[in-house]
1. Those residues that are of a type in the set (D, E, K, R) and either open to solvent by less than 40 Å² (accessible area, probe 1.4 Å) or at pLDDT below 95 (or both), I need them from region 110-134; list them, please.
2. Just name the residue that is nearest to residue 45 (Cα to Cα) out of those in region 70-84 that are in a helix (DSSP H, G or I) and either in contact (Cβ under 8 Å) with a residue 60 or more places away in the chain or among the acidic types (Asp, Glu) (or both).
3. For residue 2, all conditions in the list (1) without any contact (Cβ under 8 Å) to a residue 60 or more places away in the chain; (2) at positive phi hold save one; what is the number of the exception?
4. If you go through region 21-64 one residue at a time, how many are assigned to a helix (DSSP H, G or I), small (Gly, Ala, Ser), more than 27 Å from residue 124 (Cα to Cα) and touching a helix residue (DSSP H, G or I) at 6+ places or on another chain (Cβ under 6 Å)?
5. Residue 71 fails exactly one of the following numbered conditions: (1) of a type in the set (Gly, Ala, Ser); (2) at negative phi; (3) surrounded by fewer than 19 Cβ atoms within 10 Å (Cβ to Cβ); (4) modelled with pLDDT of 95 or more. What is the number of that condition?
6. Would you please name the residue that is nearest to residue 45 (Cα to Cα), looking only at residues in region 85-97 that are open to solvent by 50 Å² or more (accessible area, probe 1.4 Å) and free of Cβ contacts under 8 Å to residues at least 24 places away in the same chain?
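The values are calculated or read from the model by the stated rules, or taken from the named source; none is laboratory data. Note that the structure is a prediction, hence the values are computed from the model and not measured. Please note: Cβ atoms are built from the backbone with ideal geometry, for glycine as well, and neighbour counts cover all protein chains shown. Ligands, DNA and RNA are excluded from the accessible area calculation, which covers all protein heavy atoms including side chains. Shrake-Rupley method; radii C 1.70, N 1.55, O 1.52, S 1.80 Å.
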Amino acid sequence: MSTLSHVLSSPRLLHLTLRADAASGIAMGLPLVAFAEPLATLLGLPAPLLLACGLALFPFAALMLLAARSARPPAALVWLVIGGNVAWVLGSVWLWFALPLTLLGQVFLVVQALAVLLLTELEFTGWRRLSAVRHWPDE
């Protein structure tokens, strides 16, 4: 069984995905905060929006890590993460139509929205799988 197959079939899928989502949020937040002005020029997105999104990613990543630490994360916390990710994707779609993005900005929005959508699907699948388990795995 390949490593990917092993991860996708693991009862720890939710925990692994939450950690990956948190890491990607931090990895995205750092350049958005540190380089909001130059990125705004390259992407066609307003610098204050990039800065605000970057700053919002840090507490959101902390929530994901908090949820990932628990063998049985609270349903409300998992659904908050999933809902936040869905809102991020919908916001990205709205920005696509609302702003005059550069070509790089269009690529950026599509790629990051697809990545968030994939993470959201994996979190939902992991949550369903974990919810179906009667004996919760230990950390």
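1. 123, 128, 129, 134
2. Per the stated criteria, the residue is 81.
3. Tallying (1) without any contact (Cβ under 8 Å) to a residue 60 or more places away in the chain; (2) at positive phi, residue 2 fails exactly one: (2).
4. 3
5. The one condition residue 71 does not meet is (4).
6. 96
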